[in-house]
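Beneath this line is the structure, given in structure tokens, with notes to follow.
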Amino acid sequence: MMGNGKMTPAENDFTVNADAHGIVATLYLDEPHTFLHVAALITLLDDIFSSFKPIRYQRPRAWPDSPGNSNLSRVMHVARPCERSPTLADCHDLLEAHGDALSEFQSEHELELVVQPYRLFATHRDAPGLAVFDMDSTLIQQEVIDELARAIGRYDEVAAITEAAMRGEAPYTDFEASLRARVALLKGVPISIWEDMKGDVITFTPGARDLVKVLRARGWKTAVLSGGFTPLANWVARELGLDYAFANHLVEDPESKTLTGELVAGKPIVHAQKKLDLLHQLAGENDIPIERTIAVGDGSNDLLMLGAAGLGVAFNAKPKVQKAALTRLNGESLLDVAYLIGCTRRDIDAALAGP
Ligand SMILES: [Mg+2]
């Protein structure tokens, strides 16, 4: 980063070896911008992370997502070398401790900011891993059970259970109890509803297709871990090209071609703990160390997997989840997650141009 806010060509090819200590901040600007902002942010981050002893003779370095034309970049990274590496939790705690100054900065400059240890960023940049996603309100823009209930005119009843569960009221104190109660209300729903939902109701979150394409091009394994239902989770996986899909199994009556209002006995319920177990299971099956995993979700039943993954991103999450997660990102496109694993715009364009 030079004093006049322009990038030098050499700095456009930013490569630091994965052993380097420090932090990397990823900035998402509202619109392409010159990087005068960044000097102020570097000063602020320097202050926030001073307990990690900046290496004085190494200046923070910034590089944009559009090498060669930094004025067209919407996303940029700033790396700040330190004598030792903070953990993700350190990054979170230090940012929280300076929350007021950062909130002011973020609203003044209309930007999103994610800070992570440089080593984690470099690990995800340099070797493929495993990415797991929640489905409802993460890969797709709907809550499927609400849409099913709406389709049969029982939305209010289902929503009442959801709200009672969120308040922790008996008998809905756990996910399984509230799931079974809501599923019971779906008795008699024709199974043709799945085709209707795929055609008219379900919309993919902007950037979901592209993110999965980028991950696959880089050799990542991908999965949807859903507290919803298999007919849609399997379809979402096929549509997006995900390697795995896990969700809850509803019993269908083959005679009447309707749902019975029950879950298939013996099939595991996909709740928070199951999502966590599946993250570990899929990482193990693919010989991927847990550090090389990312998880993306928005709900409280995603918090365990978000906390266990190498990088767990609360994406456009419920306020409670944003507060509890170590890393949060709000924005219009799920593709923004690709920058957090070290992709540049050029990497993304190359992946999207491929087959
Ligand atoms: Mg969700």
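The values are calculated or read from the model by the stated rules, or taken from the named source; none is laboratory data. On a predicted model such as this, the values are computed, not experimentally measured, just so you know. Neighbour counts are summed over all protein chains in view; Cβ atoms, including those assigned to glycine, are modelled from backbone coordinates with ideal geometry. Please note that ligands, DNA and RNA were not included when accessible areas were found on the heavy atoms of the full protein model with its side chains. Shrake-Rupley method; radii C 1.70, N 1.55, O 1.52, S 1.80 Å.
Okay, here's what the table says:
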| read-out | value |
| --- | --- |
| Filtered residue count, the stretch 151-170, keeping only those that are assigned to a loop (DSSP other than H, G, I, E, B) and under 26 Å from Pro319 (Cβ atoms) | 4 |
| Qualifying positions in the stretch 310-325 - modelled with pLDDT under 95 and buried (at least 23 other Cβ atoms within 10 Å of the Cβ) | Ala317 |
| Of all residues making up the stretch 301-325, the number that are within 16 Å of the ligand (Cβ to nearest atom) and assigned to a loop (DSSP other than H, G, I, E, B) | 5 |
| Conditions (1) open to solvent by 20 Å² or more (accessible area, probe 1.4 Å); (2) farther than 19 Å from Leu120 by Cβ: number failed by Pro289 | (2) |
| Scope the stretch 327-355; condition basic (Lys, Arg) and in the same structural domain as Thr138 (by TED's automatic domain parsing); matching residues | Arg328 |
| Condition check for Gly307: open to solvent by 10 Å² or more (accessible area, probe 1.4 Å) and within 22 Å of Gly227 (Cβ to Cβ) | yes |
| Residues (open to solvent by 10 Å² or more (accessible area, probe 1.4 Å) and in a loop (DSSP other than H, G, I, E, B)) located in the stretch 326-341 | Leu326, Asn330, Gly331, Glu332, Ser333 |
| Qualifying residue in the stretch 127-139 (condition: farther than 26 Å from Phe204 by Cα, touching a residue at least 60 places away in the same chain (Cβ under 8 Å) and either surrounded by 14 or more Cβ atoms within 10 Å (Cβ to Cβ) or in the same structural domain as Arg218 (by TED's automatic domain parsing) (or both)) | yes |
| Unmet criterion (only one of (1) more than 23 Å from Thr344 (Cα to Cα); (2) modelled with pLDDT of 80 or more) for Val78 | (1) |
| Filter result for Thr173 (part of a loop (DSSP other than H, G, I, E, B), outside the structural domain of Lys320 (by TED's automatic domain parsing) and open to solvent by 30 Å² or more (accessible area, probe 1.4 Å)) | yes |
| Qualifying residue in the stretch 181-190 (condition: within 16 Å of the ligand (Cβ to nearest atom) and either assigned to a loop (DSSP other than H, G, I, E, B) or out of contact with any helix residue (DSSP H, G or I) (no Cβ under 7 Å at 6 or more places or on another chain) (or both)) | no |
| Residue check, Asp336 acidic (Asp, Glu) and under 20 Å from Glu110 (Cβ atoms) | yes |
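Every residue, every condition in (1) at pLDDT below 90; (2) farther than 16 Å from Pro231 by Cα; (3) touching a Phe, Trp or Tyr at 6+ places or on another chain (Cβ under 6 Å); (4) in the same structural domain as Ser300 (by TED's automatic domain parsing), yes or no:
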| residue | (1), (2), (3), (4) |
| --- | --- |
| Glu157 | no, yes, no, no |
| Thr162 | yes, yes, no, no |
| Ala177 | yes, yes, no, no |
| Gly199 | no, no, no, no |
